[in-house]
1. Based on DSSP loop calls and a cut-off of at most 14 other Cβ atoms within 10 Å, the longest stretch of the chain free of exposed trypsin sites (Lys or Arg not before Pro) is what?
2. Which lysines have a Cα less than 28 Å from the Cα of residue 23, not counting those fewer than 8 places away in the same chain?
3. Normalised by the number of residues in the chain, what is the relative contact order in percent for Cα pairs under 8 Å and 6+ residues apart?
4. Select from the chain the helices, each a whole stretch of DSSP H, whose alpha-carbon atoms run 24 Å or more along the helix axis and whose Kyte-Doolittle mean is at least 0.5; answer none if there are none.
5. How would 90, 113, 95 line up by accessible area, probe 1.4 Å, largest first?
6. Multiply the residue separation of residue 56 and residue 29 by 0.36 nm, subtract the distance between their alpha-carbon atoms, and state the gained length in nm to one decimal.
7. Cut-off 10 angstrom, C-alpha nodes, Gaussian network model of the chain. Which of 55, 80, 25 fluctuates the most?
8. If you take the square roots of the eigenvalues of the alpha-carbon gyration tensor of the range 64-123 and sort them as a ≥ b ≥ c, do you get rounded (a/c under 1.5), prolate (a/b over b/c) or oblate?
Amino acid sequence: MGEEKENAQEGVVDISLKDLSKKLEDFARVRDWEKYHSPRNLLLAMVGEVGELSEIFQWRGEVDKGLPNWEESEKEHLGEELSDVLLYLIRLSDICGIDLGDAASRKLVKNAIKYPPPPPNVL
């Protein structure tokens, strides 16, 4: 299995998309959920999770970067909903045969070409 690296200072686990993908595959297999993991079903489940994520921000207006005025429990809930979206996205990409890390890297290159940085100000 892939490597999970833990940052001792912060207690944060650094895990790759491929490692998450393997964990999701194993999770679904041992529960016999693979039969439910069609692209359509995974997409609709992910959209539902995006809705739950949206509800968190729905009536807050704009929020400051880092969410300084949020309670820790609110940040934890946000992290859970963000994770749900990410995990469904990873599983969907796998079921569709898309290497998400590779696709995202290629997309960044395309975006850099499509949206070059502005030229430096010349006086």
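The values are calculated or read from the model by the stated rules, or taken from the named source; none is laboratory data. Remember, it's a predicted structure, so these values are computed and weren't measured experimentally. With ideal geometry, Cβ positions are generated from the backbone for all residues, glycine too; neighbour counts draw on all protein chains shown. For the accessible areas, the whole protein counts, side chains as well, though only heavy atoms, and no ligand, DNA or RNA atoms are used. Shrake-Rupley method; radii C 1.70, N 1.55, O 1.52, S 1.80 Å.
1. Of all site-free stretches, the longest is 66-123.
2. Residue 23 reaches 5, 35, 75, 107.
3. 28 percent
4. 39-57
5. 113, 95, 90
6. Full extension of this stretch gives 6.6 nm more.
7. 55
8. Oblate.
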